[in-house]
Amino acid sequence: MSSRKEGLGRILTVALALCVVCSVVVSTAAVMLKPHQEVNRTRDLKRNILMAAGQYDPGASVEAQFEQVTTKVVDLDTGKYVDGVDAMAYDQREAARDPAQSEALAPEEDPAKIRRRANHALVYLFNNADGDLDKVVLPVHGSGLWSTLYGFVALQSDANTIAGLGFYEHGETPGLGGEVDNPRWKSIWEGKKAYRDQEVAISVVKGSVDPTADGSQWRVDGLSGATLTSKGVHNLVQYWLGEDGFKPYLSNLRKGDV
């Protein structure tokens, strides 16, 4: 009996020691890899901004390409640029979690179901060779069927014509809601109009849009078999282009007041 207890004790001791060693190895690896993961995450974010604007060259360095981009912090209530906030360090997601840097949204004013909206947001400006504004890229997010979709909407210099749309993070169903990543569907957004008579008019509709029909410039095909994801994209675009989103800023941009 004593021999069995000693044998069991050795097994438990070895198992415990193995667990401790594995925990140390995993923890050390996580700490050591974190800076590399952050670099990769930032690079991927920049790549998606370039892609939304139609400016991404897969054969060139993302960092070199992003040098053409000017990043600004905008006060969403006033639509003006914010002084004293480092755009490179500002984390809009973290700000949305902080009551001091965000506001809670009532259900009736939250079609995108984001619950809290940060007071400030980042915008990304692309200038042409003459130094004039070519495109502006806006971060957007909102609930789909299974997840929160995070992406970017790019507008031409008129702050109305859509230059591109793309999502860099979501958990929608592959082959259904996951078709938000389909290049064909994303290309449909190019050239569509965001506003009509100063009001948000872009919409994702059920089925296909007849390009010859009146008003087709404000309508985008829904995703087949993914009604709730399509509705989520519709709601988040409507929200972020609306009065509580970037509309005040875009209005100032069109008037040259920023």
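The values are calculated or read from the model by the stated rules, or taken from the named source; none is laboratory data. Everything numeric here is computed off the predicted structure, so don't read it as measured data. Counting neighbours? That spans all protein chains shown, and the Cβs are built from the backbone with ideal geometry, glycine included.
Summary table
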item: Spans of strands (runs of 3 or more DSSP E) in the stretch 84-134 with at least 1 residues surrounded by fewer than 18 Cβ atoms within 10 Å (Cβ to Cβ) and in contact with a Ser or Thr (Cβ under 8 Å, 6 or more places away or on another chain); result: 116-118, 120-127
item: Total residues in the stretch 231-258, condition of a type in the set (Gly, Ala, Ser) and either in contact with a Ser or Thr (Cβ under 6 Å, 6 or more places away or on another chain) or free of Cβ contacts under 8 Å to residues at least 40 places away in the same chain (or both); result: 2
item: Failed condition for residue 188, given (1) surrounded by fewer than 17 Cβ atoms within 10 Å (Cβ to Cβ); (2) under 20 Å from residue 48 (Cα atoms); (3) among the β-branched types (Val, Ile, Thr); result: (1)
item: Selection from the stretch 47-65 of residues that are more than 17 Å from the chain's Cα centre (by Cα) and among the hydrophobic types (A, V, I, L, M, F, W, C); result: 60, 62, 64
item: The stretch 135-156 - residue that is touching a residue at least 24 places away in the same chain (Cβ under 8 Å) and within 14 Å of residue 55 (Cβ to Cβ) and, of those, farthest from the chain's Cα centre (by Cα); result: 135
item: Subset of the stretch 67-83 that is at pLDDT 95 or above and closer than 14 Å to residue 125 by Cβ - its residue that is surrounded by the fewest Cβ atoms within 10 Å (Cβ to Cβ); result: 70
